[in-house]
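The next block holds one structure in the form of structure tokens; read it before the comments.
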Amino acid sequence: MREFDYQRAHDVAGAVALLGTDPDTRFLGGGTNLVDLMKSGVERPARLVDIRELPLDDVESTPEGGLRIGATVTNADLAAHPEVRRRYPALAQAVLAGASGQLRNMATVGGNLLQRTRCGYFTDVTRPCNKRLPGSGCPAVQGEHHNHAILGASDHCVAVHPSDMAVALTAFDAVVHFETADGPGRLPLADFYLPVGDTPHRETALPPGALITGVTLPPAPVAARSRYRKVRERASYAFAIGSLAAALDIRDGVVRDARLAFGAVASRPWRALAAERVLVGAAAGAEAYAAAADAELAAARPLPHNGYKVDLMRNLVVAVLSELAEEAAR
Amino acid sequence: MRKKQLMALSTSSVITLKINGEKHTLPVDHRTTLLDALRERLDLTGTKKGCDQGQCGACTVLLDGRRSVACLQLAVTAEGREITTIEGVADGERLHPVQQAFLELDGYQCGYCTPGQICAAIGVIEEHAAGWPSAVTEDVRPEAGPPDLTAEEIRERMSGNLCRCGAYVSIVEAVARAAQTRQDAATALPDAEEAVA
């Protein structure tokens, strides 16, 4: 590991000033991803600015009836919060589905959004990777890619975003708030992650030097009946091979509102807007759910070894929406 | 407090760590993890190094009462926090109820993962007592109330701790017994207070 300077920030302005625009400085939250990447040499910062003590560790109701979640709230505190569990149960479930109890106690909301892909070529500094070393190539396209992207990828990178939390936040139209030396800013999560294209090393639309200060969730009554379902290769403590955050509002047998976001299928959490369009106004039932999944997955471009994800996501959509409909009927 | 020159890049600091109620002041290279500081610098070798990348749980300690992996925690970031290691969980000669349960129910074979398992279990039992749901909790809404600490719940909540000997069956039983001990003590306590009042 490269030697580094360490500073502890006590307020947001101080943290932003300490980071400046130095490309060799990183903010340190829980460290569960950054410290690991520093050990493997993927990240080689010259300075860390520790932001864990910033006063950004609250979950509060907004006047409109949504929630404001501070950037340094731990995953554990987010999932345990009564209003998260009451108003956005799929968000609590998504966070609980990720990592282990130890890591959820350490990891923060801001860091969760900015965590890096677990693609084995990205994390192995002896291999080429366009995300880590632009222009060096993507061995995953011809190599080990059974857990790589089926949607929105390019020849330059087929890695998936590993977050569970961000999938649920995407389904509920979360907005990311940040602070820069020039003042505060905000980005809808839908615009936060950049398309892969030929620049997979550029992952977010955050301006240089920005500090994520929190995430807001607009009020979403539909989210009160929502679920997160994660499929993985063992029962616990593994990254998803496919996941779904879904919410459904059915009245008189007709879908009034629906929210769907897919995880582990793209370089970012994948809002399934085409599926939602099919669902809203349709007669509730397995036929509509399957048609919705097919509408979204029509754009899928699977690789030789990850075609199973198309079926997996289709099955997930039908199963979870059926469960939500059944729950509503009770 | 950390001493360093203002503005100049410094790659080490003198830090004070509060471990098991005792303060230790030591200079550390910033790259030092809490795990290495405990084991290599302070001779607190009860905390074990397994994978060193946050995947096995052998290095689990309690930070401000919450279970955390010491291998991904830089020592310099732990300054100002209450660190509890396996050496600090017993009350003098009296074992912690989780230690006692692991001993009585053979919650281990070789013992290498055991300090991490015990620290994790202490955290799990507190998290459950605080009403936290888990990934296997059917209904996470607060109105549903806290889930029973079933074997399934224990397995999910303890999934961050690997045991290569495969002592999981006994580990689950030990965690369940220790949780029951805690619950019995908690329900007995109000009566005791009433009796005193």
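Computed from the coordinates by the stated procedures, all read-outs in this text should not be read as laboratory data. In this text, all values refer to a predicted model and were calculated from it rather than measured experimentally. In this analysis, Cβ positions are derived from the backbone assuming ideal geometry, glycine residues included, and neighbour counts consider all displayed protein chains.
A few points about this structure:
- Across chain B, C-alpha contacts under 8 Å between residues 6 or more apart give a mean separation that, scaled by the residue count, equals a relative contact order of 19 percent.
- Size of electric dipole in the range A:229-329: Cβ of Lys, Arg +1 and of Asp, Glu -1, about Cα centre, debye, nearest 20: 520
- Distance violations [Cα-Cα > 29 Å] among A:Lys131/B:Lys18; B:Lys18/B:Lys49; A:Lys131/A:Lys230; A:Lys131/B:Lys48: A:Lys131/B:Lys18; A:Lys131/B:Lys48
- Only Lys, Arg, Asp and Glu carry charge here, each on its Cβ (+1 for the first two, -1 for the last two); on that basis chain A has a dipole of about 620 debye about its Cα centre.
- Packing-based exposure ordering (other Cβ within 10 Å, fewest first) of A:Phe178, A:Phe262: A:Phe178, A:Phe262
- Difference of contour (0.36 nm per residue) and Cα-Cα distance, B:Tyr168 to B:Asp148: 5.3 nm
- Square roots of five times the Cα gyration tensor eigenvalues for the range A:5-50, Å: 19, 12, 7
- With kT/(6 pi eta Rh) evaluated at 25 °C and eta = 0.890 mPa s, and Rh the Kirkwood radius from Cα pairs, the range A:187-304 diffuses with a coefficient of 150 µm²/s according to Stokes-Einstein.
- The range A:307-330 and the range A:204-278 have their alpha-carbon centroids 13 Å apart.
- Kirkwood Rh, Cα atoms: Rg over Rh of chain B: 1.03
- Over chain A, relative contact order from alpha-carbon pairs under 8 Å, at least 6 apart, %: 17
- With respect to chain B, whose longest principal axis is taken over its alpha-carbon atoms, helix B:114-129 is tilted by about 60°.
- For the range B:19-92, the Kirkwood estimate of hydrodynamic radius, built from reciprocal distances between every pair of different alpha carbons, is 12.2 Å.
- Rg and Dmax, both from the Cα atoms of the range B:97-192 and both in Å, are 13.7, 43.
- Arranged from fewest to most other beta-carbon atoms within 10 Å of their beta carbon, A:Met165, A:Met38 become A:Met38, A:Met165.
- Mean separation of Cα contacts under 8 Å, 6 or more apart, over the residue count of the range A:192-330: relative contact order %: 19
- Binned Cα-Cα distances of the range A:1-137, short to long, each 5 Å bin given as a whole percent: 2, 10, 16, 19, 17, 15, 11, 7, 2, 1, 0
- Counting only whole DSSP H helices of chain A, the ones at least 15 Å long by C-alpha along their axis and with mean Kyte-Doolittle hydropathy no lower than -0.5 are A:286-297, A:308-329.
- Computed on the Cα atoms alone, the convex hull of the protein assembly as shown gives a volume of 170 cubic angstrom per residue.
- FRET efficiency for the pair A:Thr180 and B:Gln183, taken as 1/(1 + (r/R0)^6) with r the Cβ-Cβ distance and R0 = 56 Å, rounds to 0.70.
- Proxy reagent accessibility, fewest Cβ within 10 Å first, across B:Ser68, A:Ser236, B:Ser134: A:Ser236, B:Ser134, B:Ser68
- Size of charge dipole - chain B - debye, nearest 20, with Cβ of Lys, Arg +1 and Asp, Glu -1, no other charges: 1220
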